[in-house]
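The values are calculated or read from the model by the stated rules, or taken from the named source; none is laboratory data. Everything quoted here is computed from the prediction, not taken from an experiment. We place every Cβ from the backbone using ideal geometry, glycine too, and count neighbours over all the protein chains shown.
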2 protein chains.
Amino acid sequence: MPLTPRFASRLSDIEPFRVVEVLTRATELEQQGRDIVHLGAGEPDFTTADPIVQAGRQALADGRTHYSQAGGIPQLREALSRWYQSEYGLVIDPGRIMVTPGASGALLLLSALLLNPGESMLLPDPGYPCNRHFMRLVEGRGDLVAVSAESGFQLDSDLVGLHWSEGTVGALVASPANPTGGVLNREQLRGLSEAVRERSGYLIVDEIYHGLGFGVETPSVLDIDQDAYVINSFSKYFGMTGWRLGWLVAPAAAVPELEKLAQNLFISMSTMAQYAALAAFAPETREILDQRRDIFAQRRDFLLSELLKLGFEVPQCPDGAFYIYANIKRFANDSQQFCLDMLEQHGIAITPGADFGRNRASDYVRFSYTTGMDRIEEAVARMTRVLA
Amino acid sequence: MPLTPRFASRLSDIEPFRVVEVLTRATELEQQGRDIVHLGAGEPDFTTADPIVQAGRQALADGRTHYSQAGGIPQLREALSRWYQSEYGLVIDPGRIMVTPGASGALLLLSALLLNPGESMLLPDPGYPCNRHFMRLVEGRGDLVAVSAESGFQLDSDLVGLHWSEGTVGALVASPANPTGGVLNREQLRGLSEAVRERSGYLIVDEIYHGLGFGVETPSVLDIDQDAYVINSFSKYFGMTGWRLGWLVAPAAAVPELEKLAQNLFISMSTMAQYAALAAFAPETREILDQRRDIFAQRRDFLLSELLKLGFEVPQCPDGAFYIYANIKRFANDSQQFCLDMLEQHGIAITPGADFGRNRASDYVRFSYTTGMDRIEEAVARMTRVLA
C-alpha cells in the first residue's frame, strides 16, 4: 500500500471489546477439542421466542422487504406506547417513540443530537464501554466517573454535582446496569433527575435490561421525569439480539430533529424485524419471555451463591440483567490475566473488568449467566477445583 | 417541557429529505382518493427475489437469531470475494470486505475513520445528500463541488485539483450516480485515482448501483486502484432495501480500525439478513435480478424518450441506476414548486433537485422509474396533457 495510512485521531481513543479477544481465543481452543464454558457473552443464550420467529417468517412471506419509515413503522410505535401504559401505567405518545437499529442506533442519535465538540456527558465507570465511544465519534466526550459499591456502582446527585463542569451537558446511566446488574430505584432516579435538571442538563437512562429484574421493581425514569431520554431494546428481555431493533423515547421537541438524523443515518430499520417485533407483546410470547426471566433468576441465585462460597466478593447485588460483577482480589491482582488463565487452564470464558472502564478494572471480572444451568454447574465445579 | 431544548450545532447543517415531504403529501392525497403515480422513491418497486426471501425464512427457522461478527459472517465475506472474482475478475481477500448495516453503515464507518474535525472530502453536487451529513456528524465536512454536464456531472482530475485545499483528505464519487445515472468509465476512474493519490488523499467510490448498468461497462475502481475504498449494498441490484445490508472494501491496513468501530457502533448486523444474502448469488436468483435489470432498462428507454419529446432536457445519459435527472427550464424556474404542482394538480410524485445539493438545483428534478410500465405511461399521458 503506497499511501501511509493516517486515520482520524478519534481512532486512538476508541477501544476494541476485550471480550472479543477472549472469545476468539475460546474459539481457537474449541477447535483444538477443548471444552469451554461460555460465561462471557452479553446476550441471552435462548433463540428468539417462536411466536416472534414465526411472525418474522410471515412478514417475509407477506413481502415486507422494502424500506419503512425512518422513525419506525407506526404499528410498532403504537405497540410500544401501549407497552408503557400496560407495564408502567405511563401515557407516552407514539410520536415520542422512535424505533432504532438496536440500542446502538439510539446511542448514535442521542450523541449526535446533544453533544457539540468538546462537550461531555457524565458516565458511571464501570459501565457499557461503547457509550463513551459514541460520544467520541461526534467529537464529544464521555466523562467517566468512578463509582463504587457505596452508590451501588451508579451515579448519584452528589457525584453529578462533584463532576459537573463547564462543558458537561448531561448524564447517561443504566438500570439495570451492565456489568453490575444493579437497579436504580425511584428515589435514586429522582435524585439524578433533579441534579441534572438543576444544571439544565439532559438525563439519558439506558433501560435495555428492563423486564429482566428479579424480585425488585425496575421503574422507568419516565415515571419521574418526562423530559428524560430513554434508550431501550428488543435484544435482552425480548431476546431479539440478531434482529437489531431498539427504541428511544424523547421529549416531543426533539423528535423532528431525531427523525431528520435517522433519515440521513439509517434511512430505515429492518422492516421485517419490525413486523416480527409486533408479536413480542402477545400473551403467548410474554409467557415464554417471563419463563426465561425466571430461568435467569434461578441461574443468578445459584451462581451468585457459589461465587460467594468460593471467595469472590460481589459488592453490588445483581438484581437484574444477566451479569454478576465479582471482585477477584482474593485470587489475583490482574483480572485480565485471571481471565486468560481461567480460559487457557480451566476452559471458562469470562470478561475482564477492563471492558467496562478504568475504575479498579483489574480487581473485577464479569460473569454472564447466559448459558444453561448444567454448564454453569460445570464452571463452578472447575473453579472449585482450582480456587477453593 | 421546562428545559429549553438546545441541540448540537450540527443539527442546523443536516437537512431532511425533501422527497419525504413530497411522499407525505402524496399519501395525504391518496387518502383523499387521488391517484398518484410514484416516481420519487429511491428503491426498486420489486419485492425481494423469492430465493432470498426463502433463504431468510429458512435462516429464521434454523434459529439464526443471535448476534454475529461485527465485520459480517465469514460465509458472506467469502461470497462477496467470489463475486469480485466472477463479476470483475478481481482478487479481493475476504478479510478486506466488511459487511455493514446498509451502505449507510459503510458511510458512517468511513467518515469516522478518515475525517478529523475540520477536514473535508470533495463531493460532486448534485449527489447523494446524506454523504455530507455523515461527514458533518463527525465534525468533518463534505465540500460540494458544482459539476455540470461537461464532466458528466462527476468530479474529474481538473476539478479535484481546483478544489483541493489545506484540509481536504479525499474525494467521494458514485458510479452509477444518484441522481443522474451517469457511469464513470475506466479512464475517468484512473484520472480521479491519480489526482487523489498525488495529493496523498483517499478515494471512496460508491458502487451501490453496480449491476444496474444498461449496455455500458461499469468498472469497479478496485480494478484501477486497490487502495480505494468501495461502498456497496444489497439494496439496489440485489433488491434488499428493507433488510439493511451493505458492504465496504477497504485497504487491509484499515480493516482492524474499521472492525473496532463496527464493534462499538453496530455490535452486529442482522444475522438472518446475512444468511438470506448468501442466496443472492445463486444462479436462479441472478436470473431474476437480471430480468429486473432488463425491465429497468426498458423503462429507462421509454421514459427518457418521452421526457425528451415533452421538452425536458436530459444532459447526462442515464446509463445506470433507475433515475433520470431532467432540466425543467422549458416549463418552470423553480423545481421545488414544479414538483409540488405536478403532485397537487397532476398526481405525479417526483423529487426536486434541492434534495441533491445546491448546484442549479432549482432547474432540475429527478424521475425514478421504480414503478410499473403502465404507471409510467400514465404519468407520461398526464404530463403530455399539461406540458406538451
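Summary table below
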item	result
Every residue from segment A:282-294 that is among the charged types (D, E, K, R) and either under 19 Å from A:Arg366 (Cβ atoms) or surrounded by 14 or more Cβ atoms within 10 Å (Cβ to Cβ) (or both)	A:Arg286, A:Arg292, A:Arg293
Filter pass, B:Asn185 being under 20 Å from the mean Cα position of the chain (by Cα) and either free of Cβ contacts under 8 Å to residues at least 12 places away in the same chain or surrounded by 24 or more Cβ atoms within 10 Å (Cβ to Cβ) (or both)	no
Subset of segment A:1-51 (residues that are at the interface with chain B (Cβ under 9 Å from one of its Cβ atoms), surrounded by 12 or more Cβ atoms within 10 Å (Cβ to Cβ) and either in a helix (DSSP H, G or I) or among the basic types (Lys, Arg) (or both))	A:Arg10, A:Leu11, A:Val20
Some residue of segment B:232-254 being assigned by TED's automatic domain parsing to the domain that holds B:Ser86, more than 24 Å from B:Ile288 (Cα to Cα), under 13 Å from the mean Cα position of the chain (by Cα) and not in a loop (DSSP other than H, G, I, E, B)	no
Unique residue being in the same structural domain as B:Ser235 (by TED's automatic domain parsing), buried (at least 16 other Cβ atoms within 10 Å of the Cβ) and either at pLDDT 95 or above or of a type outside the set (Val, Ile, Thr) (or both) when the list is B:Ala321, B:Ala276, B:Ala349, B:Ala297	B:Ala276
Enumerated helices (runs of 4 or more DSSP H) restricted to segment A:53-138, each holding at least 3 residues that are more than 14 Å from chain B (Cβ to nearest Cβ)	A:74-88
Condition met for A:Leu222 (in a strand (DSSP E or B) and more than 10 Å from every other protein chain (Cβ to nearest Cβ))	no
Segment B:170-218, subset of a type in the set (Phe, Trp, Tyr) and assigned to a loop (DSSP other than H, G, I, E, B), residue farthest from B:Gly102 (Cα to Cα)	B:Phe214
Out of B:Gly152, B:Gly167, sole residue that is closer than 21 Å to B:Ser120 by Cα, touching a residue at least 12 places away in the same chain (Cβ under 8 Å) and in the same structural domain as B:Glu119 (by TED's automatic domain parsing)	B:Gly167
Yes/no for A:Phe331 being surrounded by fewer than 24 Cβ atoms within 10 Å (Cβ to Cβ), in a helix (DSSP H, G or I), of a type in the set (Phe, Trp, Tyr) and more than 14 Å from chain B (Cβ to nearest Cβ)	no
Qualifying positions in segment B:337-354 - farther than 17 Å from B:Gly182 by Cβ and touching a Lys or Arg at 6+ places or on another chain (Cβ under 7 Å)	B:Leu343, B:His346, B:Gly347, B:Ile348, B:Ile350, B:Pro352, B:Ala354
Residue within segment A:102-112 that is assigned by TED's automatic domain parsing to the domain that holds A:Asp227, farther than 21 Å from A:Gly246 by Cα and not charged (D, E, K, R) present	no
Any chance A:Arg292 is assigned to a loop (DSSP other than H, G, I, E, B) and in the same structural domain as A:Val19 (by TED's automatic domain parsing)	no
Cβ pairs under 7 Å, 6+ apart, first in segment A:37-63 and hydroxyl-bearing (Ser, Thr, Tyr), second surrounded by fewer than 19 Cβ atoms within 10 Å (Cβ to Cβ)	A:Thr47/B:Gly63
In segment A:244-292, the residues that are of a type in the set (D, E, K, R), more than 7 Å from chain B (Cβ to nearest Cβ) and without any contact (Cβ under 8 Å) to a residue 40 or more places away in the chain	A:Arg286, A:Glu287, A:Asp290
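Yes or no, residue by residue, for (1) among the polar types (S, T, N, Q); (2) surrounded by fewer than 20 Cβ atoms within 10 Å (Cβ to Cβ); (3) under 30 Å from B:Val20 (Cβ atoms):
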{"residue": "A:Ala149", "(1), (2), (3)": "no, yes, no"}
{"residue": "A:Ser157", "(1), (2), (3)": "yes, yes, no"}
{"residue": "A:Gly161", "(1), (2), (3)": "no, yes, no"}
{"residue": "A:Asp206", "(1), (2), (3)": "no, no, yes"}
{"residue": "A:His210", "(1), (2), (3)": "no, no, no"}
{"residue": "A:Val230", "(1), (2), (3)": "no, no, yes"}
{"residue": "A:Lys236", "(1), (2), (3)": "no, no, no"}
{"residue": "A:Val255", "(1), (2), (3)": "no, yes, yes"}
